[in-house]
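Novice: This is the structure, below, for whatever I ask next.
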């Protein structure tokens, strides 16, 4: 693929970066990234990936845009209320970068369809808001050998890590073996979330995705980055592959995907 | 930018170029003429283009070329005369020569090398 004049202009400020160049830009153009959730994390992540020239973005969400989403879910506008989030998101991303191919999945992502869906993507971003989805996407990425960039947010805090057990790193279950019992972990609905915190974590997910796709810098695999907005502090915890992990450990017990019950529609 | 201002930029910029030499005849500034010791495998005319596009298009051309091949780039945007060779060197390419072609154009000669 040869870059057009317009593409050179559009991507010039990142193409001049050391390690990016035309080769890196071409990798992005050829890349397919799947984003689970077009909400607080998925919105900023998808926007930066589309803006950067990621060729194909898959956006999965079965929700419709509601007024209380708009405080943080920047893919959507007030006029979009009532639309499917994936339709509203597709329109925003295409207007940002008409070169990006946006594939939408308005159905619920479950154990029956997730592997088929992510098979065609190079990288998966988890922007879901509940534990059943987090474990489902982690397990599916493990079975499909896809790099997973996982983000989570609550109140004034967020966390992010990259999971690539296919390269020897830990998986999400090495960190949290099982979903907490329903009702023990607060949802965004109960606990609240500062919109900018969603932006910070979502943009960092995009940052790590771009690094993984181009092959830049140091991967976040094996490290959990914790962010606290009130003190504006980052902490980093090392996470190692757990040899007794039920999914990726030495004697794995989980051989199939599990649909955990959703405690509430958080 | 007006044409006159462009000309002034050209003169003030070329006087700062680290080219040295004794040949006179380009805007009254002492610079070496283009030696043309090599035969380029490819020529890239970037006249009318400005930074950073001059650098990006040079880099894209080099990425398409084989290791060891030589690219001759023509630019007429004064800042590019310094910036393009510097940026290409930073990337790891071997800049062989930077020299004026005439009153407005400069030639930048670069050898493509295998970048890691």
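Novice: Does residue B:47 fit the bill of being modelled with pLDDT of 95 or more, surrounded by fewer than 16 Cβ atoms within 10 Å (Cβ to Cβ) and away from every other protein chain (no Cβ under 14 Å)? Show your work before the answer.
Specialist: Details: modelled with pLDDT of 95 or more: yes; surrounded by fewer than 16 Cβ atoms within 10 Å (Cβ to Cβ): yes; away from every other protein chain (no Cβ under 14 Å): yes.
It is true that residue B:47 is modelled with pLDDT of 95 or more, surrounded by fewer than 16 Cβ atoms within 10 Å (Cβ to Cβ) and away from every other protein chain (no Cβ under 14 Å).
Novice: Of all residues in the stretch B:63-82 being more than 20 Å from residue A:10 (Cα to Cα) and in a helix (DSSP H, G or I), which is farthest from the other protein chains (Cβ to nearest Cβ)?
Specialist: This residue is B:78.
Novice: Kindly check whether there is at least one residue in the stretch A:205-228 that is more than 27 Å from residue A:17 (Cα to Cα) and loosely packed, with under 11 Cβ neighbours inside 10 Å.
Specialist: Looking through the stretch A:205-228, none of the residues is more than 27 Å from residue A:17 (Cα to Cα) and loosely packed, with under 11 Cβ neighbours inside 10 Å.
Each row is one residue, and each column tells you yes or no for (1) surrounded by fewer than 18 Cβ atoms within 10 Å (Cβ to Cβ); (2) in contact with a strand residue (DSSP E or B) (Cβ under 9 Å, 6 or more places away or on another chain); (3) away from chain B (no Cβ under 14 Å).
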{"position": "A:9", "(1), (2), (3)": "yes, no, no"}
{"position": "A:12", "(1), (2), (3)": "yes, no, no"}
{"position": "A:38", "(1), (2), (3)": "no, yes, yes"}
{"position": "A:47", "(1), (2), (3)": "no, no, yes"}
{"position": "A:82", "(1), (2), (3)": "yes, yes, yes"}
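Novice: Another question about this same structure. Considering only residues that are part of a loop (DSSP other than H, G, I, E, B) and within 16 Å of the chain's Cα centre (by Cα), look in the stretch A:185-228 and name the one that is farthest from residue A:149 (Cα to Cα). Spell out how you get there, then give the answer.
Specialist: Here is the first cut: in the stretch A:185-228, the residues part of a loop (DSSP other than H, G, I, E, B) are A:185-187, A:192, A:194, A:215-220, A:222.
Filter once more, keeping what is within 16 Å of the chain's Cα centre (by Cα): A:219-220.
Numbers: A:219: 10, A:220: 9 Å.
Selected residue: A:219.
Novice: If you go through the stretch A:156-177 one residue at a time, how many are in contact with a helix residue (DSSP H, G or I) (Cβ under 7 Å, 6 or more places away or on another chain) and modelled with pLDDT under 95?
Specialist: Within the stretch A:156-177, residues that are in contact with a helix residue (DSSP H, G or I) (Cβ under 7 Å, 6 or more places away or on another chain) and modelled with pLDDT under 95 number 0.
Novice: Still on this model: Which of the residues belonging to the stretch A:17-26 are surrounded by 18 or more Cβ atoms within 10 Å (Cβ to Cβ) and at the interface with chain B (Cβ under 8 Å from one of its Cβ atoms)? Lay out the reasoning, then the answer.
Specialist: First, the residues of the stretch A:17-26 that are surrounded by 18 or more Cβ atoms within 10 Å (Cβ to Cβ): A:20-22, A:24-26.
Within the stretch A:17-26, A:21, A:22 qualify.
Novice: Within the stretch A:55-79, can you find the residues that are outside any loop (DSSP other than H, G, I, E, B) and farther than 19 Å from residue A:205 by Cβ?
Specialist: Restricting attention to the stretch A:55-79, the residues satisfying the condition of being outside any loop (DSSP other than H, G, I, E, B) are A:56-60, A:64, A:67-69, A:78-79.
Result: A:64, A:67, A:68, A:78, A:79.
The values are calculated or read from the model by the stated rules, or taken from the named source; none is laboratory data. As the structure is a prediction and not an experimental result, all values here were calculated from the model. With ideal geometry, Cβ positions are generated from the backbone for all residues, glycine too; neighbour counts draw on all protein chains shown.
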